[in-house]
């Protein structure tokens, strides 16, 4: 079954909706100045209410390791996602599972950012996202899924799970999964009513659609 991460959680009501829908992980964005930024104090209060098998993931962007560690401890995070230009050596030493975002070009025919040095990362999973600027509420275009399969195949050789993001909605997630065959999917603006607020119907339909679509085989070492 495909794992589902609902990102951009900013309030308790949305966290409860995501959990009720069947989300496996919730993403809390600690990137100041972005529409879905949440303070560590607010995130900690939400995370305290989560059931044991829902993973709280902290999203960071070129933050100092000491800051990441402090937020992770305060919020009792279950995993860390690094969305910036963090070099491989700065992700070593974290006690929690780590996810590195790989930013793809719009066509995914050429790597953008740090894809060229992906072999140097020792992480728990890679998240394929668009190199386009983070959404202010409007939908971003999805990646070119058929082209993305090339990179998924390369990453699969490392036995590292791949999470697909960028432009996913309840209406296109099934096609995305069938084409790319990711280990998991990540959604944010595609299930929102407005920036920072989830739409209950979109959220429920997205999780149901994703989890009813056959997943990729488990990575093997």
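The values are calculated or read from the model by the stated rules, or taken from the named source; none is laboratory data. Keep in mind the model is a prediction, meaning the values are calculated, not measured. Positions of Cβ are backbone-derived with ideal geometry, glycine not excepted, and every protein chain shown enters the neighbour counts.
The set of residues in segment 48-66 being touching a strand residue (DSSP E or B) at 6+ places or on another chain (Cβ under 8 Å) and under 25 Å from residue 128 (Cα atoms) consists of 54, 55, 56, 57, 58, 59, 60, 61. Criterion first (within 22 Å of residue 167 (Cβ to Cβ) and in contact (Cβ under 8 Å) with a residue 24 or more places away in the chain) does residue 36 satisfy it? Answer is yes for this residue. Being out of contact with any strand residue (DSSP E or B) (no Cβ under 6 Å at 6 or more places or on another chain), closer than 21 Å to residue 202 by Cβ and at pLDDT 95 or above: is that true of residue 34 here? Against the criterion (out of contact with any strand residue (DSSP E or B) (no Cβ under 6 Å at 6 or more places or on another chain), closer than 21 Å to residue 202 by Cβ and at pLDDT 95 or above), residue 34 does not qualify. The number of residues in segment 145-166 being in a loop (DSSP other than H, G, I, E, B) and under 15 Å from residue 101 (Cα atoms) comes to 4. Filtered by the rule that a residue be modelled with pLDDT of 80 or more and buried (at least 17 other Cβ atoms within 10 Å of the Cβ), segment 132-146 gives 142, 143, 145.
No other residue among 98, 160 is over 26 Å from residue 208 (Cβ atoms), modelled with pLDDT of 90 or more and under 17 Å from the mean Cα position of the chain (by Cα) apart from 98.
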